[in-house]
Structure formats: structure tokens, C-alpha cells
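Here's the structure we're looking at; comments come further down.
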Amino acid sequence: MSGDATSASATPLDASGGGGSARDIGRRLLITLGPIVVSLVLAGCVLLVLGINPLAYYGYVVDRGLLSPLGLQQTLTRMAPLLFLAAGLIVAFRAGMWNLGGDGQFLLGAVTAAASAPLLVQVLPGWLTLVAAFVIATVVAMIWSLIPALLRAYQGVNEIITTLMMSFLGVSLANVLVKLVFLDPATTVPQTRTLPVEDRLPRLFETTVTSGLLFGLVTIIAVHLMMTRTAFGLKLRVVGANPRAAVHAGLNVPLLTVTVFALSAGLIGMGGAVDIVGIQGNVRADWNPAYGLAVIPVVFLARMNGFAAIGFVFLLSVLSIGGESAARRLGVPQNFTMVLVSIVLITLAVAEYLDHRFNQARRA
Amino acid sequence: MPGMQTTTKPPEMRQAIVTLDGVTKRFPGIIANDRVDLVIRAGEVHVLLGENGAGKSTLIGMLSGLQQPDEGRILIDGKAMPIRSPSHALSLGIGTVFQHNMLVPSLTVAENLALGGKWWQKPRLGELAARVDEIARPLGININLDAVVSDLSLGEQQQVEIVRALLRNSRLLILDEATSMLTPQGIAELGALMRRLVERGLAVVFITHKLGEAAEFGDRVSVLKLGRKVGEIGPDRLRSLEHDELVDEIVSKMFGRNAGDGAISIPDRPANDEALLAVRDLRVLPGKDTSGLEAISFMVGRGEILGVAGIDGNGQKQLAEALAGQRRTDGGSVTLAGRSLDGLDVGKRRELGLRYLTDDRLGEGTVGTFPVSINYFLKQIGEPPFWRSGIEHSREINTHARDLTRQFDVRTPSLSTPVGRLSGGNIQKVLIARELAEGARAVIFNKPTYGLDLANTQATRQRIRDVAGQGLAVLLISTDLEELLSMCHRIAVMSQGRLVGTIANGAGAGERVGRLMIGLAA
Ligand SMILES: Nc1ncnc2c1ncn2[C@@H]1O[C@H](COP(=O)(O)OP(=O)(O)OP(=O)(O)O)[C@@H](O)[C@H]1O
Ligand SMILES: [Mg+2]
């Protein structure tokens, strides 16, 4: 505790300090979980309008995403790429840089990994192929972030717009590459060559869960520690919290900016690689899971905290795996998962605002 | 209108506009205001004094609706009235100039002044210009309505805020350290203005750390100490006391002792007094609304304090930033101990021993949401012993931070308190502690004592003398002529981006600097 470090002359300490912080945590939980419940109700109303029994839908989602063994394994597998994406976004957002180009970076990483791995595996040992695929995906995604990074670093161009634009371009480019360049000549549907199952990332124990999950967990925890415990992470947070203070303190802000973009995009590109060499095996034309957009709200919900993000990524995976099953079974559009996530985000913001008002009113 | 009569009534009969009744405000780990009773009367300039962290700004925060008291009541015209929000305070006739500026940096001055009008009405800028002119002219304030706020110096921003508070026809005007960046003339004008306002039946609450101003402008003085009100001096007594007696009485109330020596003392120059910091023909082209620098040349020797006087906004900030490497220059050269600094960035210049104490403590000096401990070392991120192989060593950081906190008397509930929560003067102490760390060769102080109370001002001035005594070169930028005269070897005067003259400190120096500042020959 540093509480006793005060200069001797400070006013007497307020004795209620400890109790207050326990109450604080309770309040935090309430304003995080309360809105999620409210959102479930609101989304339920939407389902009712669509003529679907919300209880049946939620029951199905929970069952398929969480309770059934196969569903749970799918959920855990889905977490692997999402964790990489969350890690990449945490780096950028904490440094105050809004990299919204995750989808383009992810897809280009995925496509290049998918194009190279099946070829490399014919000449390289299995493990080296996987490493090479990761490196290629990372580097390609980094390159794709270079233009927004340089524009922001040296010209002050707002990265929100440039990353979004590069993302559109990236998604299209990935598609074009699949259809024209990396086409698997052996099939009639436009898709890349397929990495044989035995050459993919090993599965965990006797399950279908990919070991990419472990890589994802390690990565996001490492990123969290980097941001909170290292000098480099602190520099990034200074840039994010007060860019003028960063300049004043002598930090090389342009260089840090480019580094942040490279790290962020690189991690997202790795997410693409893990999805291919761990799960999908190939990329079909027009494939775009749009994970990037789904993970952004998750990172905000977690307040850019790596550990909290793991929890929320799990929740998102349950929703999306369960939601996909429910979509097939109950005819609810698959996008409904995103509707649900957005409703959660909006109610959360409202809760934050109400909490603020309530605090003021209580004092008045 | 209560208007004219109020001033002629005996002081205790004057109408109370705002009454604080047992007001208490707690923050985690600290009681910022402890059962404070205060009556603010029409027709009075009520001076609020107290050391750094005594709770003055907190009290103002409650009067202006930023914060709500935990206990006690606020009465307006004798009726209990919770002040719910800043706009509510404005509608009750309470206008405030806060200690740290509250203007929107990306908007123009005119837009800032028009803010807070009804959102469905188009601001009438023509009318505004006339009103501003009416208010600003007698104050000697020159306001460029079209300038973007972020281009203005802090002193200019403060002037805009004063005008903004006056635009609203407030009944109660609160000035929280509004004179900290004004020149002596500006302060005198503001004093005259306050006098005129109270003669019209308004009330003024005036917070300052300069006791001379308190004695000169105040009708009533209240003193806060550690959140409690420890004394009040009414108008009759105030008038009956001699200036010096009064200051002594206030000081003993504030600090519980005598103030110590604030006298003039110019440190001796060391035997080896060769030039350390040399600037030749430094040029910065002027921006749209900002002053540039033109052909600035000077030298500061080992152990020398060179003062830079001038009205705020005449290029002092540009000069400091150009030297520190934060601003691009368009010509000229800077050398430190024989090494050229040209083309080096902020970090490199710091490594070579150049330190810069900024005057913008919240804007660029600190990261408000980060703990006090980290803010001490913001310019040393990654350096041992605080970071080893890039890993943060919290123990090391906390030990050193605790030392600095004690040494510089920073009043904070804990080292992990976000620095933005400290009182203005205590944030300033964090900045000073940081710049005086080891390895310095030359230090640029930009308004080092701004916002510090009397005791800390004197301690800081002594520290600056000590810094020079150790053989460092000191460039001291200040709008406070008295401060410059109390410690500088030479004083350069800056006007419109040029150095218009340099004067050796000594008998009559004050007058000569004053003449240079208003454009006469020394
Ligand atoms: N928002 C806040 N959260 C926590 N503590 C606060 C907050 N605002 C003020 N304090 C604490 O309350 C005390 C009084 O601060 P205040 O700003 O009122 O002092 P002040 O008299 O204005 O001092 P100064 O002359 O330095 O401006 C300080 O110890 C400060 O740390
Ligand atoms: Mg204050």
C-alpha cells in the first residue's frame, strides 16, 4: 500500500475508504451485468416481433454454445482467432489509435496463410510450415496497416477513416486473390488449396478444440502485461492518454504510432493465420466472418483489460456459435448475434450515464 | 435593484448573496472542506486565502455547481438552494473563472464566448463583439475574437475567461487565481474592475496567493487551512491595519508561523562562468494567430539566472518550446556546453542536460489520469532504476516518488492518486520535482511559481537559486517582475517575438524593464 506515503501534514484519512471500494466493485458489477440482462430482454422483444419465442432462442443458444459438449468445443475453438483480434485492438485502443481496419488485416493474413501453407508443407517440416504461415500472415497484415500508420504519424490524418477504407480494400483484395491467384486448380468452387487436417495446429487432448486457443490466451495475457507492466506499454498509454504530454516528455510519437499500428495489425493477421492453419484449412471465395467488427465492442466492454477481454470473448463465442446453430434451426438471421451485441453496448453506455447522474443526485 | 445603497450600509448589514452553512466535502483519503461557514455579501470583494491544497478550489467547485457538498447547505438570498450544475449556477447569477482553463481549444474565442447560449438560437456574433469590446477595453485586455484558443498562451486564455464570466451579468463573480498570469498592470486593472463591480452591488470572490493583492483589493479576507476556515478579517479591521501588519496576520493564520524571508537574493556566480547555453538568431515564423520569434540571441553562463520579462503571449512560450525541441524553428542555432542542439528532438536535448518546466501543467505537463508516482518519472520512462530491461519496478518508483513527495511537500492522499485530482499548486510541485532531477545542465523555467502558495513560492525560488549556485544555467520566464528582480542576474525583455533589451539587475532595474515592456527605451 502506498497510502501511508502521504506527507505528514495531509488531512486525516477518511476511515470509510475500505468499505467504499468494496461497494465500488459491487457497483461496477451491477452496471456491467445489469445492462446485459436488460439487453437480453430488449433483444427478446425484437425476437417476439419476428415471431420467435425468445426463451426458446436463448435456451437454444445456451445449449448449443455452452452446454452441449460439441458446442462448447466449437465455442472454445472460435475463441482462438477472436483472442488475437482482441489483443491487437487492445494495443491500438490503449494507445489512442482507432484501428478499425481489423477485417481487412485479418482476411489478408488469412488468405496469404491459406495460400502458402499447403505449398510450404510439401517442402518443409510441419511445424516450420505453421511458423512460416504465421510470419507471412503477420507481415502482410502489418504492411496493410502501413499507409494509415504513416499518414497518422507524419500527416496527422485521422486513422478511423483511413483504416476503414483500407479494410474495404483489403477485404476485396483478399477475395480477388482467392478467385484469381491462389485458386486451387483441383476444385471447381473458387477456394484456396486446403491444408490437410493432420498438418494443421494440433488439437487439445481428445477434443476438437484447437491448440490455437492456448496461443490466443498466451498472446492476450502477454499483451496485457506488456501494456501494464513495461516501459514500452507505458509509453503507448501516455500517447493514448495525453499526446501533448508524450511530446513534452520527449517520446518519439511518430515512431510509436507506426509501431502501434504494426503490432496491432500483426496480431490481427496472426488471428487470420490461426483461423486457417488451426480451424478452416482453406479460404473460400467471399468468405468474411467480420470478426473485427464484432470484437471491437467486446474490447470496449472489457475496458481494454486483457483478462476481462478473455471473459467477453468467451461470451461472444457462445453467442455466435449458439447463434449460428439457432439461425439454422429457428430461422433467426445469423446477424442477430451482432444485433444482440450492439444492444448490450448501447444499454451499457446508458447505464454508465445513469450511474453518473445518480451519483450527482445522491450528493445533492 | 439593490444597487447603490448596499455599499453605503455598514458591512455586516450588507445583503448576503450566498451563504455557506457547515459545508463539508470529502474525497477519498481527504477532507477537502470541513464544516466551512462563509457569507458572501453584495458590495464586497471577498478574498479567499489558504496554502496549496487548503480547499479553495473545492469550495468554488461547489459554488459553481461542479460538485455537490457531502454535508451542509448553500443558501442563495437566504434560501437553501442546491446548485445542481454549472448551468444552474450561471442561471443563479454565479460566474466563475476556474483555476485551470475551461475553454474548448479547437474553437475560436468568439465561439467559446457564445457557448452556453440557447442551443436553438444562432449566436449573434456582431453583438458579441460589441459587448466584448465594452468589457475588455477598460480592462486593458486585447481580445482577438477570431483566434483559435489552442493558439493562445495560457495568460491570454485566462483573459478570455475573465471576459466570459463578465459577459453573463453575474451577481457573483468568482476568480480562482485569475491573476496568476497577468502582468502587474493587468493585475492593477483587474483590481480596479473588481472595485467598480462591487460598487455596482455585485459580489466578488477572489482567490490569490499574492498577499499584497489580498490586502490591496479585498474588503474581507477568509483563510482556509486543511479544509477548515481558520479566520476571517472583516472590512473594519482590514482598513484599520497597516499593509505589513495585515500580511503578517494573514501569514500566521495560513501557515501558523512567520513567512520567512522572501527578500531579494541574487546567487553568486561561480568562478568559472563561461557560457553554457548560447542562442544565436533563433527564428520561428509566426502562425496565423501566434507570435513567432525573430532573431533571438542570448547567452546564459554557468551559474547565471537570465530572466525573460514581458507580457504573456509575446513569444515566451514559443521560445521555451523551440529551445526544448518541441517546436520547429526556421533558422538560428542553439548550443549547450559547446554542443549544437540543432535538429535534435526533445529526448536527445534532455539527455544532453536541457530541462524544461512547462507552464501548462495539465495540458502537457502531466497525464491527469495516471498516478502521482508515474507522473514524477514521465520523462524517464524506460530508464533505470525505475525500469530494468523495460520492466517496471514499482518498488523503486514508489520509494523515489515517496522521497520526492516529502522533499517537495506534495500534498496527496497517496502515491496512486491520479495526479489530476491534486490541487493546482500540488500538481505544480510534482512538475518542479521532476525537472530538478539529476543530470541537468541548463533549465528553462516557465512561470515556475505559478499557482504556488507563499511558502512554496519562496521554497521554489530558493531551489532555483540553488540550481544556479550549482553551476547550471537558468532561463527564468515569468510575468511576475518582482520574481525576476528577486533572483536574476540579468533580465531580458520580450515583446512581439523579439528581445527588445537586456538589463543587468540592480538599482532601478525594475523601472527600466517596465519601460522596455511598454515600448520605451530603457
Ligand atoms: N476531484 C477530486 N478528487 C479527489 N481529491 C480531490 C479532488 N479535488 C480536490 N481534491 C483534494 O482536495 C484537496 C483540496 O484541493 P483544492 O483544489 O480545493 O485546493 P486549493 O486550495 O485550491 O489549492 P491550490 O492553491 O493548490 O490550488 C486537495 O488535497 C486535493 O488533492
Ligand atoms: Mg486551487
Per-residue HN-Hα couplings for the range B:340-355, Karplus 6.51 cos²θ - 1.76 cosθ + 1.60 at θ = phi - 60°, whole Hz, x for Gly and Pro?
6, 9, 4, x, 7, 8, 4, x, 5, 5, 5, 4, 6, x, 9, 10
With the calculation restricted to Cα positions, what are the radius of gyration and Dmax of chain B in angstrom?
23.3, 72
The alpha-carbon pair-distance distribution computed for the range B:441-499, with 5 angstrom bins and whole-percent values, is 4, 17, 30, 27, 14, 7, 2
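With the full set of protein chains in place, find how many percent of the accessible area of chain B is carbon and sulfur; take the probe as 1.4 Å.
Ligands and nucleic acids excluded, carbon and sulfur give 50 percent.
Considering all projection directions equally, how large on average is the shadow of the alpha-carbon convex hull of the protein assembly as shown, in square nanometres?
Averaged projected hull area, Cα only: 42.7 nm².
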Under the Karplus curve 6.51 cos²θ - 1.76 cosθ + 1.60, θ = phi - 60°, whole-Hz ³J(HN,Hα) for the range B:494-506, x wherever Gly or Pro sits
10, 8, 6, x, 10, 8, 8, x, 10, 10, 6, 5, x
Across peptide B:65-72, what mean number of C-beta atoms from other chains lies inside 10 Å of a residue's C-beta?
2
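Averaged over its residues, how many other protein chain Cβ atoms are within 10 Å of peptide B:483-492's Cβ atoms?
On the way: counts 0, 0, 0, 0, 0, 0, 0, 0, 0, 0.
Averaged over the peptide's residues, the number is 0.
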Spin-label point model (7 Å from Cα, Cβ direction): what's the residue A:228 to residue A:346 distance in nm?
3.2
Summarise the partner chain shielding of B:415-422 as one whole number: the mean count of Cβ atoms from other chains within 10 Å of each residue's Cβ.
2
Give the separation of the Cα centroids, the range A:186-260 to the range B:436-451, in Å.
40
How tilted is helix A:306-330 with respect to the longest principal axis of chain A? Cα atoms for both, answer in degrees (0 to 90, nearest 10).
50
Can you give me the accessible area per residue for the range A:48-147, using a 1.4 Å probe, in Å²?
37
Tell me, what HN-Hα J-couplings in whole Hz come from the Karplus equation 6.51 cos²θ - 1.76 cosθ + 1.60 at θ = phi - 60° for each residue of the range A:331-338, using x for Gly and Pro?
x, 7, x, 5, 5, 4, 4, 5
Per GNM of chain A with C-alpha springs under 10 angstrom, the most fluctuating residue out of A:326, A:308, A:56 is A:56
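Can you show me the helix-derived [θ] at 222 nm for the protein assembly as shown, built from DSSP H runs with n ≥ 4 at -39,500 (n - 2.57) apiece and divided by the number of residues, rounded to the nearest 500.
Calculated from helices alone, the mean residue ellipticity at 222 nm is -15500 deg cm²/dmol.
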Could you work out which residue, out of A:186, A:351, A:87, moves most in a Gaussian network model of chain A, that is, has the largest mean-square fluctuation with Cα springs under 10 Å?
A:186
Based on the Cα gyration tensor of the range A:181-337, what are the three equivalent ellipsoid semi-axes, each the root of five times an eigenvalue, rounded to whole Å and given largest first?
34, 20, 17
Residues of the range B:15-41 losing 50 Å² or more of accessible surface, assembly versus chain alone, probe 1.4 Å, please list them.
B:29
Could you tell me which of B:114, B:184, B:238 has its Cα farthest along the dipole of the range B:15-255 towards the positive end, charges placed at Cβ (Lys, Arg +1; Asp, Glu -1), taken about the Cα centre?
B:114
What Kirkwood hydrodynamic radius do you get for the range B:275-517 when you take the inverse of the mean 1/r over all pairs of distinct Cα atoms, in Å?
18.5
Taking alpha-carbon centroids only, the range B:388-416 lies from the range B:81-96 a number of Å equal to 39
So, in Å, what gap is there between the alpha-carbon centers of the range B:37-66 and the range A:93-162?
57
Per residue Cα convex hull volume for the range B:15-255, in cubic angstrom?
129
Chains B and A: accessible area buried, summed over both chains, 1.4 Å probe, nearest 100 Å², reads 3200
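Find the all-direction average of the projected area of the Cα convex hull for the range B:176-327, expressing the result in square nanometres with one decimal place.
Convex hull of Cα atoms, orientation-averaged projection: 13.7 nm².
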Ellipsoid semi-axes in whole angstrom, largest first, where each is sqrt(5λ) of the Cα gyration tensor of chain A
37, 29, 19
Give me the Å³ per residue figure for the convex hull around the C-alpha atoms of the range B:100-230.
132
Check cross-link reach from residue B:225 to the lysines: straight Cα distance under 23 Å, and skip same-chain residues fewer than eight apart.
B:25, B:56, B:210, B:253, B:429
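Rounded, prolate or oblate: pick one for the range B:251-343, where a ≥ b ≥ c are the square roots of the eigenvalues of its C-alpha gyration tensor, a/c under 1.5 means rounded, and failing that, prolate if a/b is larger than b/c, else oblate.
oblate
The values are calculated or read from the model by the stated rules, or taken from the named source; none is laboratory data. Every value quoted in this text rests on a predicted model; they were computed, and no experiment measured them. Backbone-built Cβ (ideal geometry, glycine too); neighbour counts: all protein chains shown. For the accessible areas, the whole protein counts, side chains as well, though only heavy atoms, and no ligand, DNA or RNA atoms are used. Shrake-Rupley method; radii C 1.70, N 1.55, O 1.52, S 1.80 Å.
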